[in-house]
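Accompanying notes for the structure given below.
The values are calculated or read from the model by the stated rules, or taken from the named source; none is laboratory data. This one's a predicted model, so the numbers in the text were calculated from it and none came from an experiment. Cβ placement follows ideal geometry from the backbone for every residue including glycine, while neighbour counts extend to all protein chains displayed. We work out accessible area using only protein heavy atoms, side chains counted, and drop any ligands, DNA or RNA first. Shrake-Rupley method; radii C 1.70, N 1.55, O 1.52, S 1.80 Å.
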Amino acid sequence: MQRFTLLLMVLIGVWGCQPKDKKKSAKAPVEIASIDLDDIIKRGKIRVVTDYNSTNYFVYRGRPLGYQLELLQAFSNTLGLKLEIVVSNNVDENFKDLLQGEVDLIATNLTITRDRSHRVAFTEPHCETRQVLVQQTHDKNGNPSTTPLIRNQLDLAGKTIYVQENSAYVTRLKSLANEIGDTIHVVEIPKYEVEQLISLVASGEIPYTVCDENLARINLNFYKNIDVETAVSFPQKIAWAVRPNATNLKDVVDNWLISFKKTNQYQRIYRKYYINRRTNYLTNSRFHSIKSGRVSAFDALIKEESAKHNFDWRLVAALIYQESRFLPEVESWAGAVGLMQLMPQTAATFGVEEITSPQDNIQGGLKFLIWLDKRFADEITDPEERLKFVLASYNVGPGHVEDAMRLARKNNKNPYIWDDNVDYYLLNKSKPAFYNDPVVRHGYCRGEEPYHYVNDILERYTHYKNVIAD
């Protein structure tokens, strides 16, 4: 099976390297979308693509983390914009989506090259690194490799190296082959991320790959039988990318990065993901999305109970994280108990026998969500829109949400739309001018909590969907 996998990969790479008819291979020019900073600010959110790996973007114990994610959160907070993240490891597709306006920013470890600079505008570099060869020192049984380690780049002549398709590593290896005056067989692997190729080297399925040194050294924590000491490039600048015509966005990103890189916050983020050995502990955890695709010890139970009621289990998991951090016996100051933080009266209403039982608690919480959903179903027919009202009601009770709907209607806002309509009146329901209004039936409410509750759960749900299969 291993030989078959390797053979298939070789065939894919060889096919990808065959000469093509120039007329057929010529790409039609992509029309560049005219979207700049003003348009993004008007939209209220910045759309970013990043890649899913153990450094840039992942989920650990239900919490989204990552070097790129933390940089992006700091940047979007500075601008006062919502952050919308999509995940893709396909470099060419990312460039295409950027130019066509599907995303505003590529936030990955992009090596700045001359060819790429003709397609996109690179930002101020966020770090520097160099490309290194990844090779095996021992097989998975601990036996020393029979192939001598390569230390001289001249010894790459005639070798086959597997790299991510359309990556900067392809360009560098072709240049290196020209520099040493010999052939290096470069096999481009589609749909494989750099860390997946490193794992194939460690398992012996492929002999070599190339990646950035900072990422390679992190993977030394995961694979004790690889060597990353042989450089194949000089130090290179690593940056984000924007559209060539998004000059205002580029100026803002550049100025922000120049200032941010001087801060202690940036140094903390960089050390956290590239230097701190605790990263090894995180990635080897059974609750790391890269390692296991899990967010908690209760994933199987959440999936089982969610499926009974046609809920996406990742949404339920996002709610449970918000409520209890997956601690089944936690009790709030108000007396709410368990994974889904049920009040004893609510638990009794929905037939929960043992409130601290994870299964009983989840069953009760789901029944409560279904009851709330039915309460709003006649007036709010769009399920995605209704979900926001349901989540807010789960947190603060449907009465306060319905008060906010009445306030919205009175003030000529749409009472059936959450964002910038009902959410505004719930957020402000702690102010006398709002809770003393004659249409309000349930009085004072600390509206900031349910307002953020809805946003936090939906944001976390999006992260879970980005990195965890359904």
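So, in segment 351-390, how many residues would count as being touching a residue at least 24 places away in the same chain (Cβ under 8 Å), among the hydrophobic types (A, V, I, L, M, F, W, C) and farther than 17 Å from Asn310 by Cβ?
The number of residues fulfilling the criteria is 2.
Condition first: assigned to a strand (DSSP E or B), open to solvent by less than 10 Å² (accessible area, probe 1.4 Å) and touching a strand residue (DSSP E or B) at 6+ places or on another chain (Cβ under 7 Å). Now tell me which residues in segment 32-58 satisfy that.
Matches in segment 32-58: Ile46, Val48, Val49, Thr50, Tyr57, Phe58.
Could you grab me the full set of residues in segment 77-94 that are buried (at least 19 other Cβ atoms within 10 Å of the Cβ) and in a helix (DSSP H, G or I)?
Within segment 77-94, Val91, Asn94 meet the criteria.
For segment 131-141, how many residues are surrounded by fewer than 17 Cβ atoms within 10 Å (Cβ to Cβ) and in contact (Cβ under 8 Å) with a residue 24 or more places away in the chain?
Counting residues in segment 131-141 that are surrounded by fewer than 17 Cβ atoms within 10 Å (Cβ to Cβ) and in contact (Cβ under 8 Å) with a residue 24 or more places away in the chain gives 4.
If the Cβ limit is 8 Å and pairs must be 6+ apart or interchain, which residue in segment 258-276 that is under 19 Å from Leu65 (Cβ atoms) and open to solvent by less than 70 Å² (accessible area, probe 1.4 Å) pairs with which residue that is small (Gly, Ala, Ser) and modelled with pLDDT under 95?
Between residues of segment 258-276 that are under 19 Å from Leu65 (Cβ atoms) and open to solvent by less than 70 Å² (accessible area, probe 1.4 Å) and residues that are small (Gly, Ala, Ser) and modelled with pLDDT under 95, the close pairs are Tyr273/Gly66.
Within segment 241-266, work out how many residues are among the polar types (S, T, N, Q) and either modelled with pLDDT under 95 or under 27 Å from Ile35 (Cβ atoms) (or both).
The total comes to 5.
Scan (1) open to solvent by 70 Å² or more (accessible area, probe 1.4 Å); (2) of a type in the set (Val, Ile, Thr); (3) within 30 Å of Thr108 (Cα to Cα) for the single condition Val194 breaks and write down its number.
Condition not satisfied by Val194: (1).
Kindly list the number of the only condition in (1) surrounded by 12 or more Cβ atoms within 10 Å (Cβ to Cβ); (2) modelled with pLDDT under 85; (3) in a loop (DSSP other than H, G, I, E, B) that fails for Ala28.
(1)
For segment 352-470, which fully contained helices (runs of 4 or more DSSP H) count at least 3 residues that are open to solvent by less than 50 Å² (accessible area, probe 1.4 Å) and out of contact with any Lys or Arg (no Cβ under 7 Å at 6 or more places or on another chain)?
358-377, 383-396, 398-410, 423-427, 448-467
Within segment 142-160, can you find the residues that are in contact with a strand residue (DSSP E or B) (Cβ under 8 Å, 6 or more places away or on another chain) and open to solvent by 80 Å² or more (accessible area, probe 1.4 Å)?
If the condition is that a residue be in contact with a strand residue (DSSP E or B) (Cβ under 8 Å, 6 or more places away or on another chain) and open to solvent by 80 Å² or more (accessible area, probe 1.4 Å), then Pro144, Arg151 are the ones that fit.
Can you tell which of Glu93, Glu124, Glu102, Glu84 is among the charged types (D, E, K, R), on the phi < 0 side of the Ramachandran plot and modelled with pLDDT under 95?
Residue meeting the stated conditions: Glu93.
Being in contact with a helix residue (DSSP H, G or I) (Cβ under 7 Å, 6 or more places away or on another chain), on the phi < 0 side of the Ramachandran plot and in a loop (DSSP other than H, G, I, E, B): is that true of Ile150 here?
In short, yes.
Given the conditions (1) closer than 20 Å to Pro148 by Cβ; (2) surrounded by fewer than 20 Cβ atoms within 10 Å (Cβ to Cβ); (3) of a type in the set (Val, Ile, Thr), which single one is not true for Ile206?
Evaluating Ile206 over (1) closer than 20 Å to Pro148 by Cβ; (2) surrounded by fewer than 20 Cβ atoms within 10 Å (Cβ to Cβ); (3) of a type in the set (Val, Ile, Thr) leaves (2) as the failure.
Hey, could you check segment 105-118 for residues that are touching a Leu at 6+ places or on another chain (Cβ under 8 Å) and at pLDDT below 95 and say which is surrounded by the most Cβ atoms within 10 Å (Cβ to Cβ)?
The selected residue is Asn109.
Quick one: what pairs do we get from segment 413-441, first residue farther than 18 Å from Leu391 by Cα, second among the hydroxyl-bearing types (Ser, Thr, Tyr) and buried (at least 17 other Cβ atoms within 10 Å of the Cβ), C-beta under 7 Å, 6+ apart or different chains?
Phe434/Tyr425
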